[in-house]
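S.K.: Just dropping this structure here.
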Amino acid sequence: MGISHRFFSLLTLLLLVLFVCVKTSAEKTELNSRLAEENKLQGLKNSSMADGLEDDESINEHAVENPEEFASLVDKSIRNSTERRNLGYFSCGTGNPIDDCWRCDRRWYLRRKHLANCAIGFGRNAVGGRDGKYYVVSDPGDDDPVNPKPGTLRHAVIQDRPLWIVFKHDMVITLKQELIMNSFKTIDGRGANVHIANGACITIQFVTNIIIHGVQIHDCKPTGNAMVRSSPSHYGWRTIADGDGISIFGSSHIWIDHNSLSNCADGLIDAIMGSTAITISNNYFTHHNEVMLLGHSDSYVKDKQMQVTIAYNHFGEGLIQRMPRCRHGYFHVVNNDYTHWEMYAIGGSAYPTINSQGNRYLAPANPFAKEVTKRVLASNNEWKHWNWRSQGDLFLDGAYFTPSGAGAAVSYARASSLGAKSSSLVGMLTSNAGALSCRHGFMC
């Protein structure tokens, strides 16, 4: 018995020593792997920095030699770091400040209005219908644009009081005439698959404090030459509408977030006639020619007050130009993913200030369409004074940005609305652009 007891004691001790050795070896292997990964990442960073120092004449300071590998390593490093820290409730964070503000909450549907506290950029003060009651849209119909039926989207948006508008179930809303919105409204499509399609679309005219979130807007058509109600006490004659997805006209404090837009008769989003304090974020744009117009005309000088933030959007397949096309005002284009264009990405006229920071620009195969920028109907002597700059942008497949202007600090201060993140993170920041699929009881 004594021998047997000593034998088992020795065996237990040997097993314990073996376990400690294996664990130590595994930890050392993981540490070496992490160090190698970080050294490789740092080497790529140093390489790109050295290349920039050696080439002072380079127009685009962040066009690295192997940007895809660099971006992949950065994303992998951050994901691994997040997993190791085991952040629990906040582990759904992506670095996108809008999404990280509300999407981690599994009970988002009980706290929908918290979304209004998550805006960024020039439209950050848009409260929409935060201070009003909920309105549930149960009827997708639009039989009478002058006397809309209760329960329809048109009946909701024309009311004089603040409303947070939600949807009872999935629906496709085909509007007979423009949906003319009244002030202090939120259209919140979360929890339902909502399409505004195959008819007229949304008009935001001479109003304030509008949020449009989580809907799919597509195949919008010209309508008009008809009576349309714009409030409980007013309706009037509307001339022909162009067929924009969202038309913003003489309005302020507007936030367009997490929508999917495509294939409309005119623009997907147009903002004109002195509109300002606008944020366009987390949207997914596809299959369209003239995507976004910001500014009415070269002669309409009231658009000099315009300030627009374009952040965390994905400009995707089938796009041709105007992402955006700017006039007069101040435009902050930050951390967007440009994966498709056929003519150009960002254009303008009439002395706009364009501040491009932390975007990812992937040029098309066409060797004559590699330039991100386009000055419209302007001579070199004219546009060389316009303040257009690129900071921290990532240029792939030969994409390049032509800067101009003296770089006046005051001008760029008016075109700055939030801190840009590294362009290597754009894939992660924009990975959920467009209307989200949200279910009760789950993180959205």
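The values are calculated or read from the model by the stated rules, or taken from the named source; none is laboratory data. Quick caveat, the model's predicted, so the values are computed rather than measured. In this analysis, Cβ positions are derived from the backbone assuming ideal geometry, glycine residues included, and neighbour counts consider all displayed protein chains. Remember, those area values only see protein heavy atoms, side chains included, never the ligands or the DNA or RNA. Shrake-Rupley method; radii C 1.70, N 1.55, O 1.52, S 1.80 Å.
S.K.: Got a number for residues in the range 384-417 being in a loop (DSSP other than H, G, I, E, B) and either at negative phi or in contact with a Pro (Cβ under 7 Å, 6 or more places away or on another chain) (or both)?
M.R.: Of the residues in the range 384-417, 15 are in a loop (DSSP other than H, G, I, E, B) and either at negative phi or in contact with a Pro (Cβ under 7 Å, 6 or more places away or on another chain) (or both).
S.K.: Sticking with this one: Based on this model, can you work out whether residue 225 counts as at positive phi and surrounded by fewer than 18 Cβ atoms within 10 Å (Cβ to Cβ)?
M.R.: yes
S.K.: Continuing with the same structure: Within the range 324-375, which strands (runs of 3 or more DSSP E) (wholly inside it) include 3 or more residues that are open to solvent by less than 10 Å² (accessible area, probe 1.4 Å)? Explain how you work it out, then say what you get.
M.R.: On the way: elements: 325-327, 330-334, 346-349, 353-357, 360-362, 373-375.
Qualifying strands (runs of 3 or more DSSP E): 330-334, 346-349, 353-357.
S.K.: Only residues in the range 349-377 that are over 30 Å from residue 95 (Cβ atoms) count as the first member; pair them with residues that are of a type in the set (Phe, Trp, Tyr) and at pLDDT 95 or above, Cβ under 8 angstrom, at least 6 apart or cross-chain, and list the lot.
M.R.: From residues that are over 30 Å from residue 95 (Cβ atoms), the pairs are 351/386; 369/341; 369/344; 374/344; 375/383; 375/386.
S.K.: Do any strands (runs of 3 or more DSSP E) lying entirely in the range 198-257 carry at least 1 residues that are within 17 Å of the chain's Cα centre (by Cα) and under 23 Å from residue 174 (Cβ atoms), and which ones are they?
M.R.: Details: elements: 202-205, 208-213, 216-218, 226-231, 234-238, 246-249, 252-257.
Where strands (runs of 3 or more DSSP E) fall fully within the range 198-257 and carry at least 1 residues being within 17 Å of the chain's Cα centre (by Cα) and under 23 Å from residue 174 (Cβ atoms), they are 208-213, 216-218, 246-249, 252-257.
S.K.: Since residue 428 meets every condition but one in (1) closer than 22 Å to residue 259 by Cα; (2) part of a loop (DSSP other than H, G, I, E, B); (3) open to solvent by 20 Å² or more (accessible area, probe 1.4 Å), which condition does it not meet?
M.R.: Of the numbered conditions (1) closer than 22 Å to residue 259 by Cα; (2) part of a loop (DSSP other than H, G, I, E, B); (3) open to solvent by 20 Å² or more (accessible area, probe 1.4 Å), the odd one out for residue 428 is (2).
S.K.: Does any residue of the range 183-192 turn out to be surrounded by 22 or more Cβ atoms within 10 Å (Cβ to Cβ) and over 24 Å from the mean Cα position of the chain (by Cα)?
M.R.: Checked the range 183-192: no residue is surrounded by 22 or more Cβ atoms within 10 Å (Cβ to Cβ) and over 24 Å from the mean Cα position of the chain (by Cα).
S.K.: Ok, one more. Name the pairs: first residue in the range 409-437 and touching a residue at least 24 places away in the same chain (Cβ under 8 Å) and closer than 15 Å to residue 120 by Cα, second residue open to solvent by 60 Å² or more (accessible area, probe 1.4 Å) and in a loop (DSSP other than H, G, I, E, B), Cβ to Cβ under 8 Å, at least 6 apart or on different chains?
M.R.: 417/124; 429/421
S.K.: Output the residue which, of all residues in the range 279-323 that are in a strand (DSSP E or B) and open to solvent by 30 Å² or more (accessible area, probe 1.4 Å), is nearest to residue 242 (Cα to Cα). Give the steps one after another, and end with the answer.
M.R.: Applying the first criterion (in a strand (DSSP E or B)) to the range 279-323 yields 279-281, 284-286, 288-290, 292-294, 307-311, 314-315, 319-321.
Filter once more, so that each one left must be open to solvent by 30 Å² or more (accessible area, probe 1.4 Å): 284, 289-290, 307, 314, 320.
Details: 284: 21, 289: 14, 290: 12, 307: 23, 314: 24, 320: 19 Å.
Going through the qualifying residues, I end up with 290.
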